[in-house]
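A.B. asks: Once you've had a glance at the structure underneath, I'll fire off some questions.
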Amino acid sequence: MKELVLQNDEDTNRLGKDIAKELKAAEISSIEIHLEGDLGTGKTFLSRSIIRSFGWKDLVKSPTYTLCEEYDLGDYFFLHIDLYRTNEAQDIDIFNLDREIDSKKIILIEWPERLRHIRPYDLKITFIHLNKGRKIKIETGSHLFSNWLKSYE
């Protein structure tokens, strides 16, 4: 696990771009990232940064009310999920997260602690409010981000 302090949105955006580089380089077809933390700590901001780093030009909106937003970029397919407003186990099932697709699938789940059935993650980022900025804790759940996390500052 690694802890970092992100002083501002620019630092958070840089983290998103760095994660996107690792996602692009990964040679697996499905990657899952869990984003935990209180309201307003930066989960959606980081998700937006990652998705835009792949070339998405349109709005990346919070899926708080829709529960899931999908972004198809041809070679990459994002499922951006927000479970804040649900306690129903079957809500996650309707997104068919484990479906096979031809693109590299990247799943971003905000509020994964609300899942009734724990899903394995490749990367988990926990956000904590600070007076100035935010502190994050980054954990890997697979080998995918291990080397990156060891050297990341």
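A.B. asks: Give the residue that is farthest from Lys135 (Cα to Cα), with candidates limited to residues of segment 1-39 that are outside any loop (DSSP other than H, G, I, E, B) and of a type in the set (Val, Ile, Thr). Walk me through it before giving the result.
C.D. replies: Taking segment 1-39 as the starting set, the residues that turn out to be outside any loop (DSSP other than H, G, I, E, B) are 2-6, 9-25, 30-37.
Remaining after also requiring of a type in the set (Val, Ile, Thr): 5, 12, 19, 31, 33.
Numbers: Val5: 4, Thr12: 10, Ile19: 17, Ile31: 24, Ile33: 17 Å.
Here the residue is Ile31.
A.B. asks: Which residues, taken from segment 41-80, are in a loop (DSSP other than H, G, I, E, B), more than 22 Å from Ile94 (Cα to Cα) and touching a residue at least 12 places away in the same chain (Cβ under 8 Å)?
C.D. replies: Within segment 41-80, Thr41, Gly42, Phe54, Gly55, Trp56, Gly74, Asp75 meet the criteria.
A.B. asks: For the subset of segment 111-127 comprising residues that are in contact with an Asp or Glu (Cβ under 8 Å, 6 or more places away or on another chain) and modelled with pLDDT under 95, which member is surrounded by the fewest Cβ atoms within 10 Å (Cβ to Cβ)?
C.D. replies: It comes out as Pro120.
A.B. asks: Please state which one of Leu67, Leu73, Leu35 is of a type in the set (A, V, I, L, M, F, W, C) and at positive phi. Don't jump to the end; show me each part of the working.
C.D. replies: Values: Leu73 fails: at positive phi; Leu35 fails: at positive phi.
Among Leu67, Leu73, Leu35, only Leu67 is of a type in the set (A, V, I, L, M, F, W, C) and at positive phi.
A.B. asks: Additional query: Mind checking whether some residue in segment 102-109 is more than 24 Å from Thr140 (Cβ to Cβ), assigned to a strand (DSSP E or B), more than 13 Å from the chain's Cα centre (by Cα) and at pLDDT 90 or above? Spell out the reasoning first.
C.D. replies: Start the filter on segment 102-109 by keeping residues that are more than 24 Å from Thr140 (Cβ to Cβ), which leaves 102.
Now restrict to residues that are assigned to a strand (DSSP E or B): none.
For segment 102-109, residues more than 24 Å from Thr140 (Cβ to Cβ), assigned to a strand (DSSP E or B), more than 13 Å from the chain's Cα centre (by Cα) and at pLDDT 90 or above: absent.
A.B. asks: Output the number of residues of segment 18-34 satisfying the condition of being under 12 Å from the mean Cα position of the chain (by Cα) and farther than 14 Å from Thr140 by Cβ.
C.D. replies: Final tally of qualifying residues: 1.
The values are calculated or read from the model by the stated rules, or taken from the named source; none is laboratory data. Because the structure is predicted, anything quoted here is derived from the model rather than measured. For neighbour counting, all protein chains shown are included, and Cβ atoms are generated from backbone atoms with ideal geometry for every residue, glycine included.
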